[in-house]
Amino acid sequence: MSIINILIGVVIVIVLFVIYAYNKFVQLINRTKEAWADIDVQLKRRYDLIPNLINTVKGYASHEEGVLSKVTEMRAKAMQSGSLEDRGKSENMLSSALKSLFAVSENYPDLKANQNFLELQRELSDTENKIQAARRFYNGNVRDLNIGLESFPNNIIGNMFHFKKQDLFELEENAIARESVDVKF
């Protein structure tokens, strides 16, 4: 009778562990999805600011059409990117194009003094900071999920229920937020 009780106890412990591990993975996956939604909100805010910035610059630097069209093109590409890796690459290209736009603005003193331009630049810098914070939050959740999926005995539960590792969202470390600080007005 005691061997049966021990076996029943072991089965109960195993079932409780499986339930706990499964629920932990569900929690980590939902946190990761929530964190990605935070990044997505900030990226959309960034996309919404760019047309206003381009229109403001266009009024002062209309013959800089190449830079303006490059920013517009990179914005469209970033908005249409699919995979996480493609998204990261297109966001980096958009950041580079925006840096070029701010560099061009250095040649136009009236533009640099324009309140609308300054406000848009400040908002874009603030948005870049929020994207970085959201990216760190997302990557932290992805890290926790991936560690859980690679650690024994959780990896057994993860494989049994077909949970998948997630990719980190990588962006260049020298984002616009840091670059805009160098612009002198």
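Among the residues of this structure, Ser69 counts as one that is more than 29 Å from Tyr138 (Cα to Cα), of a type outside the set (A, V, I, L, M) and in a helix (DSSP H, G or I). Sub-9 Å Cβ pairs linking a first residue in the range 96-108 that is in contact (Cβ under 8 Å) with a residue 24 or more places away in the chain and more than 13 Å from Gly66 (Cα to Cα) to a second residue that is among the hydroxyl-bearing types (Ser, Thr, Tyr) and part of a helix (DSSP H, G or I), at least 6 apart or interchain, are Lys99/Ser180; Phe102/Ser180; Ser105/Tyr60; Tyr108/Tyr60, ordered by first then second residue. Count of the range 49-75 residues, restricted to those that are loosely packed, with under 14 Cβ neighbours inside 10 Å and within 17 Å of Arg87 (Cα to Cα), is 1.
The residues of the range 76-91 that are surrounded by fewer than 18 Cβ atoms within 10 Å (Cβ to Cβ) and in a helix (DSSP H, G or I), listed by number, are Ala76, Lys77, Met79, Gln80, Leu84, Glu85, Asp86, Lys89.
Scanning the range 94-128 for residues that are polar (S, T, N, Q) and farther than 25 Å from Gln80 by Cβ turns up Ser105, Asn107, Asn114, Gln115, Asn116, Gln121. Criterion applied to Ile147, Ile157 was being modelled with pLDDT of 95 or more and either within 14 Å of Thr32 (Cα to Cα) or in a helix (DSSP H, G or I) (or both), and the one residue passing it is Ile147.
The values are calculated or read from the model by the stated rules, or taken from the named source; none is laboratory data. Only a predicted model underlies this, so the values are computations on that prediction, with no experimental measurement involved. Please note: Cβ atoms are built from the backbone with ideal geometry, for glycine as well, and neighbour counts cover all protein chains shown.
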